Ligand SMILES: [Fe+2]
């Protein structure tokens, strides 16, 4: 739904109020970086359960800038996005407000939410190793090992400056310190089969084509490739790889989140929080996670069969808020070691 219809809905609510109807139409306006079809099943379930309607404004970019420009008149109630960088950026730019709600906090582990309640994770995705089924015999790996010269000329990865890699490198800084991480990153760069390029799926394609043995990518892309009817060749890319969960034997695999935040000037705050409660519930998390091939943040909620098929994940328990703090340093290191050159 577009902004125009949001405004129209607001207007009809106003008219309804002025002619003396008992209540305003209950609705929640969502500004989303996630494609509407990914969140539709979830929102439909919410409307069915509560009678509260939802309007989605999908944005490719500029969500925060738009909210800042709209200021107090912004119709946005909730923000939906992926990546800890974007969530913490929304908070830092002042377009969110804290939510202190027992049900939401109970359903979302502490490490996957902002300590001040400005954002909440709903699903997680592991940043894992895609390994060639034919050419990589081992079934375990660590991120540290990616710098081992045994992988010389064998690793494929997208740009080091992409948010997914910046978050991974930020987590390495959090665990191993800046100096160690710089050495590590230079080591990984020395092992690259080609200049960083493409998206995560392009790394699986590289393995399928024999250009590399190891790729770095997010878990959900495996599900997207396995079930891709539009581009069925992606099913072959998926078949050529196995998923290795780095560091599952020690600190756990680095994960990132998709999440939600309450808009600073939310005009429908009560209903927005109702939707946040629904999304945070095990049912909400499961519906969402299934649609996007991700893991629910609540360890008591169940992942889908497809996702379970990737293998068992043991997520790194370090708070994502702490990892987010290292993002600027991580980005600097990428340039310093000339990772993308
Ligand atoms: Fe992605």
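Rule-based calculations on the coordinates, nothing more; no lab input. This one's a predicted model, so the numbers in the text were calculated from it and none came from an experiment. FYI the Cβ positions are ideal-geometry reconstructions off the backbone, even for glycines, and counts take in every protein chain you see.
Calculate, in nm to one decimal, what residue 226 and residue 93 gain on full extension: separation in residues at 0.36 nm each, minus their alpha carbon distance. The partial results should precede the final answer.
Working: separation 133, 0.36 × 133 = 47.88 nm, distance 3.77 nm.
Value of the extension gain: 44.1 nm.
Quick one: 118, 254, fewest Cβ neighbours within 10 Å first, how do they rank? Walk me through the numbers before you get to the answer.
Working: 118 22, 254 27.
Ordered from fewest to most neighbouring Cβ atoms within 10 Å, 118, 254 come out as 118, 254.
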- Highest GNM mean-square fluctuation among 81, 142, 124, for the chain with Cα springs under 10 Å, belongs to 142
- Going by alpha carbons, how many degrees (0 to 90, nearest 10) lie between the helix axis of 178-190 and the longest principal axis of the chain? 60 degrees
- Note on the structure: Proxy exposure order for 318, 43, 146 (fewest C-beta within 10 Å first) is 318, 146, 43
- Message: Angle check, please: helix 282-292 long axis (alpha carbons) against the longest principal axis of the chain (alpha carbons), in degrees 0 to 90, nearest 10.
- Response: 60 degrees
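Take 54, 123 and order them by how many other Cβ atoms sit within 10 Å, fewest up front. Intermediate values should be presented prior to the final figure.
Numbers: 54 21, 123 29.
So the ranking, lowest neighbour count to highest, is 54, 123.
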- Message: If the elastic network links every pair of Cα atoms under 10 Å, which of 256, 326, 101 fluctuates the most in the Gaussian network model of the chain?
- Response: 101
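Which whole-number percent gives the relative contact order of region 96-252, counting Cα pairs below 8 Å spaced six or more residues apart? Intermediate values should be presented prior to the final figure.
Numbers: 219 pairs, mean separation 52.9, N = 157.
It rounds to 34 percent for region 96-252.
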- With a ≥ b ≥ c from the Cα gyration tensor eigenvalues, square-rooted, and the rule rounded for a/c under 1.5, otherwise prolate when a/b > b/c and oblate otherwise, region 162-265 is oblate
- Message: Using the basic label-point model (7 angstrom from Cα toward the beta carbon), what is the residue 233 to residue 190 distance in nanometres?
- Response: 3.5 nm
- How big is the gap, in Å, between the Cα center of region 96-170 and the Cα center of region 200-249? 16 Å
- Query: Expressed as cubic angstrom per residue, what is the convex hull volume of the alpha carbon set of the chain?
  - Reply: 133 Å³
- Which of 317, 171, 32 fluctuates most in a GNM of the chain (C-alpha springs under 10 Å)? That residue is 317
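How high is the relative contact order of the chain, in percent, with contacts defined as C-alpha pairs under 8 Å that are six or more residues apart? Kindly include the intermediate steps, with their values, before the conclusion.
Working: 637 pairs, mean separation 92.1, N = 341.
Averaging sequence separation for qualifying contacts and normalising by length gives 27 percent for the chain.
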- Message: What is the angle, in °, between the Cα long axis of helix 327-336 and the longest principal axis of the Cα atoms in the chain? Nearest 10 is fine, range 0 to 90.
- Response: 40 degrees
- Note on the structure: Taking every alpha carbon pair in region 74-175 and sorting the distances into 5 angstrom bins from 0 up to the bin holding the longest one, the percent per bin comes out as 2, 9, 17, 19, 15, 12, 9, 8, 5, 3, 1
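Ranked highest first by the average count of other Cβ atoms within 10 Å around their residues, in what order do 205-213, 147-155 fall? Mind dumping the intermediate values first?
Values: 205-213: 20.0, 147-155: 15.2.
Output ranking for 205-213, 147-155: 205-213, 147-155.
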- Message: If a paramagnetic tag sat 7 Å from the Cα of residue 66 along the Cα-Cβ line, which residues of region 27-41 would have the backbone N under 12 Å from that point?
- Response: 30-36
